[in-house]
1. Test residue 284 against the stated conditions and say whether it is touching a residue at least 12 places away in the same chain (Cβ under 8 Å) and under 26 Å from residue 339 (Cβ atoms).
2. Looking at (1) surrounded by fewer than 22 Cβ atoms within 10 Å (Cβ to Cβ); (2) over 30 Å from residue 35 (Cα atoms), which one does residue 366 not meet, given that it meets all the others?
3. Going through the range 188-245 one residue at a time, which ones are in a helix (DSSP H, G or I), under 30 Å from residue 67 (Cα atoms) and without any contact (Cβ under 8 Å) to a residue 60 or more places away in the chain?
4. Among the numbered criteria (1) buried (at least 20 other Cβ atoms within 10 Å of the Cβ); (2) not in a helix (DSSP H, G or I), which one does residue 341 miss?
5. Residues in the range 163-176 that are at pLDDT 90 or above and buried (at least 24 other Cβ atoms within 10 Å of the Cβ): how many?
6. Have a look at 6, 46 and point out the one that is farther than 27 Å from residue 242 by Cα, at pLDDT below 80 and assigned to a helix (DSSP H, G or I).
7. Name, by its number, the condition in (1) touching a helix residue (DSSP H, G or I) at 6+ places or on another chain (Cβ under 6 Å); (2) within 21 Å of residue 65 (Cβ to Cβ) that does not hold for residue 169.
8. Could you check the range 106-125 and list, in sequence order, the residues that are crowded, with 23+ Cβ neighbours inside 10 Å and closer than 23 Å to residue 204 by Cα?
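The values are calculated or read from the model by the stated rules, or taken from the named source; none is laboratory data. Everything numeric in this text was worked out from a predicted model, so none of it was measured. All Cβ positions, even for glycine, are placed from backbone atoms using ideal geometry, and neighbour counts span all protein chains on display.
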């Protein structure tokens, strides 16, 4: 009987119910279990586990990418991406909706943060969509659901967390997010086209190659940003952590030095916000390290592997159950702790099933990314509701067609591994 694990779960559940933050609940309950059961004679292993989890070189990419997202909120790159996408796809039926989706994909190729996406696109595009005749609820819904692209398309904070927590190749996992990100983008464009055509949303903008070329010329600093960041990472010139540093340096050069749109005060505000969010994530990571130590001591991963392998239907049954579990977890727990807690637990079962680790990491991240946009805990819902003033119930109702596309994308990624493995294979990873 895994007494320590059961005590850990019960203790953490009680603390959750009392409203204690996830990181504190996990860390406190884990520490109390170790103190009570004394699985090891030397309790100095607790700070050692904390130090190992917090000092990982790979984890250093997380605060850097968070800083990138915060800088983009206050700088010019996000706005320039929207201007370019307006020229590129704004002429389509539901043009600004398409701008919202495609812009989120490109934005994600720089920031890796869904919250930065909602802050930037919610502030700029929702008012612009309303001015062009889109309903307020629809404008908020498409901004909400497309924001999940920022943590599926690389460089994604969630992919870095999931790969680092399982000792898998971060570069290969990031590459595996490319094709799934494009797939989600295309699927979200379908309901946007159909709904906007039916309701007559948006104004008709003529297609103009001249306009696209002009916007390309004026927005080139924003367009080459993802090429520089991803190109240096995938070419092997820099590690993902160093790539995050390249992203910060690039944005500071463009917006603080060249265009002077980021003041020293703006940069300090971004640093403070980054420090706050990074502290929360690192506390979750360190608390999860102690929890995983307890779970590993009682051989829970192997027990979970045996249970999942016994699911009827073999690999297909395992994938169906995994998709359901991911959606349920994503609806109740924030994506960052979910990646750190559950990826190490589920990956061994996936490997036993013969799944590629990068494929499974992308499946996990996609499921948790959908959770960012769904009730009751989706943080992006709170962000959009706060920015736009749209009640959450109306946002959720208007998002229903897009939720269906997100679930479809999760199923396709699960059952067609070639989608996730396309880019790594082409890159020889």
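1. On the way: touching a residue at least 12 places away in the same chain (Cβ under 8 Å): yes; under 26 Å from residue 339 (Cβ atoms): yes.
Taking the combined requirement at face value, the residue satisfies it.
2. So the condition that residue 366 fails would be (1).
3. Scanning the range 188-245 gives 217, 220, 224, 227, 228, 231, 232, 242.
4. Unmet condition: (2).
5. The qualifying residues number 5.
6. Numbers: 6 fails: at pLDDT below 80.
That would be 46, the only listed residue that is farther than 27 Å from residue 242 by Cα, at pLDDT below 80 and assigned to a helix (DSSP H, G or I).
7. Going through the list (1) touching a helix residue (DSSP H, G or I) at 6+ places or on another chain (Cβ under 6 Å); (2) within 21 Å of residue 65 (Cβ to Cβ), residue 169 breaks only (1).
8. Hits for the range 106-125 are 121, 122, 125.
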